[in-house]
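The structure appears below as structure tokens.
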Amino acid sequence: MPKAAQASETKKPVKSAIGAPSQLNQSSRKGKKAWRKNVDIQDVEAGLEELRSEERATGTYLHKQQDDQLFVVDVKGDDKTRKTLSFKSSQTTAAKILAQRSAVPAVMSRTTATKRKSPLSAEDKDRLLRISKRPRRGPFNVVMDPTELGAGSATLELSEAVKASGTYDAWAPEEEVEIKDGLEIVQAKKIKPPVHSNPRDKIEVPAILEPHQGTSYNPPADAHNELLIKAADIEEKRVAKEAKLAETKIKIDQAKQSGNGEVAIPGVPSGMKLDIATPGPDDGEDAVETDDIPKKMPARKTKAQRNKAARILAEKRALAEKARRKNEQQIIHSYKLLRRNADSTISAREQAHALRRAALQEKLKRGLAGQKLGKHKVPAERVDVQLGEDLSESLRGLKPEGNLFRDRFTSLQQRALVEPRVPVLPTRRRHRMIGYEKHAWKRFK
């Protein structure tokens, strides 16, 4: 074989099979640097490229997977195999290349920090500048005046409590928190919201009541007489109450004026009586002073007397103990009777309470008329009725009775929609108004 042909067979390719640059055709390999650079590793690169292709296709290396992940026994077959084999793809080469996607996830790019954020917020920086009395710049690069309101060292910003207002619900169900303390588990106690009944929900009075037949301009005789009797009863009660109050007031005034005919003693309240000591027949200079009489000392008891007293005391104690035991025996024997009596008493009390509660509920359904709430009393509905001679047989001569505004306001009070109030009458001006006429208006032509 000629030397040229032998040299061409032994000569290695300049370019790598996988496209990597190669400088293997080098005559001199002096030094470790040149030797490492020009060593032939094409077989190693081919093996690594094969592993990379497997990883791109399946996401991992095939030699690291199990047999059941790589192979499967098909016992059924695929009905679409024939159609798939006979189908000719019309996809272009470029589309096929773009359709090949690697199973290895892409490498996420790291974000580069553009600007370092200041550890201080604008509010904290502004507060520190105010405390240190440093000049602060405002809009249009103007130096703020430190004597201005809010420019001192005091913080005028909203507090954390104000910022968090409205976000806390006291009656919201709290999450169960388990506090482990040794072997015990303590749970926070749940707070139950209070339940208050509103009387407005139980009142069944309509907003507008149906008027009585006697209030008509041409009412029936029976209905008109019934309404007149009702109005007369109400008026009699009012007059009797006023008369009673007037009589009580007269009695109070008379008691203040007369003073019960007693002479007023200075330093003694009116109505109080003092006993004045009067000298008796034995009172005089020769009376014997009681303090000078010597008291007789009790004589010393003998032993027999002391024994007798001890015996009597022991008998009394024995009788008391006997009576106590007898009373206990009676109580024990009458336990069932006492229990029945207690049960009947409790049931009777509960029934009375239930009846009283039902009566109050029934009364509440008819409204709050006549009840006192707060400082004032809820007014009852007035009876507007005309006398027989005031009635008109036609609408032309009808005289209006009552006040619609008063009726609406009374209905609101009776249905617990507004609080009971009394009319506030306007007061007279205490100081007289003085008018002044200017000098320029006095002289005019």
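Would you check if residue 355 is among the aliphatic types (A, V, I, L, M) and under 30 Å from residue 410 (Cα atoms)?
yes
Test residue 417 against the stated conditions and say whether it is in contact with a Lys or Arg (Cβ under 8 Å, 6 or more places away or on another chain) and aliphatic (A, V, I, L, M).
Spelling it out, residue 417 is indeed in contact with a Lys or Arg (Cβ under 8 Å, 6 or more places away or on another chain) and aliphatic (A, V, I, L, M).
Which residue pairs have Cβ atoms closer than 7 Å, lie 6 or more positions apart in sequence or on different chains, and pair a first residue in the stretch 413-435 that is free of Cβ contacts under 8 Å to residues at least 40 places away in the same chain with a second residue that is in a helix (DSSP H, G or I)?
418/412
Tally up the residues in the stretch 349-378 that are in a strand (DSSP E or B) and either among the acidic types (Asp, Glu) or surrounded by 12 or more Cβ atoms within 10 Å (Cβ to Cβ) (or both), please.
3
If we scan the stretch 335-346, do we find a residue that is under 30 Å from residue 202 (Cα atoms), among the polar types (S, T, N, Q), surrounded by 10 or more Cβ atoms within 10 Å (Cβ to Cβ) and at pLDDT 80 or above?
Checking the stretch 335-346: not a single residue is under 30 Å from residue 202 (Cα atoms), among the polar types (S, T, N, Q), surrounded by 10 or more Cβ atoms within 10 Å (Cβ to Cβ) and at pLDDT 80 or above.
Give me the pairs: first residue in the stretch 40-66 and on the phi < 0 side of the Ramachandran plot, second residue charged (D, E, K, R), beta-carbon distance under 9 Å, and six or more apart or on different chains, which are they?
40/12; 42/12; 56/101; 60/54; 61/54; 61/55; 62/54; 63/54
Collect the residues in the stretch 342-368 that are more than 32 Å from the chain's Cα centre (by Cα) and small (Gly, Ala, Ser), keeping them in residue-number order.
Matches in the stretch 342-368: 342, 344, 347, 348, 352, 359.
Would you point out which residue out of 234, 229, 208, 250 is within 24 Å of residue 364 (Cβ to Cβ) and modelled with pLDDT of 90 or more?
234
Within the stretch 50-64, take every residue that is exposed (fewer than 13 other Cβ atoms within 10 Å of the Cβ) and outside any helix (DSSP H, G or I) and give me the one that is modelled with the highest pLDDT.
61
Checking residue 388 against (1) more than 30 Å from residue 238 (Cα to Cα); (2) over 32 Å from the mean Cα position of the chain (by Cα), only one condition comes out false. Which one?
Of (1) more than 30 Å from residue 238 (Cα to Cα); (2) over 32 Å from the mean Cα position of the chain (by Cα), only one is false for residue 388: (1).
Does the stretch 67-82 contain at least one residue that is among the hydroxyl-bearing types (Ser, Thr, Tyr), out of contact with any Ser or Thr (no Cβ under 7 Å at 6 or more places or on another chain), at pLDDT 75 or above and assigned to a helix (DSSP H, G or I)?
No, the stretch 67-82 has no match at all.
Please find, among 390, 407, the residue that is loosely packed, with under 11 Cβ neighbours inside 10 Å and in contact with a Lys or Arg (Cβ under 9 Å, 6 or more places away or on another chain).
390
Does any residue of the stretch 379-393 turn out to be of a type in the set (Ser, Thr, Tyr), out of contact with any helix residue (DSSP H, G or I) (no Cβ under 7 Å at 6 or more places or on another chain) and either assigned to a helix (DSSP H, G or I) or without any contact (Cβ under 8 Å) to a residue 60 or more places away in the chain (or both)?
Within the stretch 379-393 (the criterion being of a type in the set (Ser, Thr, Tyr), out of contact with any helix residue (DSSP H, G or I) (no Cβ under 7 Å at 6 or more places or on another chain) and either assigned to a helix (DSSP H, G or I) or without any contact (Cβ under 8 Å) to a residue 60 or more places away in the chain (or both)), the answer is no, since none of the residues qualifies.
So which of 291, 286 ends up being assigned to a helix (DSSP H, G or I) and modelled with pLDDT under 75?
Just one listed residue meets the conditions, 291.
The values are calculated or read from the model by the stated rules, or taken from the named source; none is laboratory data. Keep in mind it's a predicted model, so treat the numbers as computed, not measured. Please note: Cβ atoms are built from the backbone with ideal geometry, for glycine as well, and neighbour counts cover all protein chains shown.
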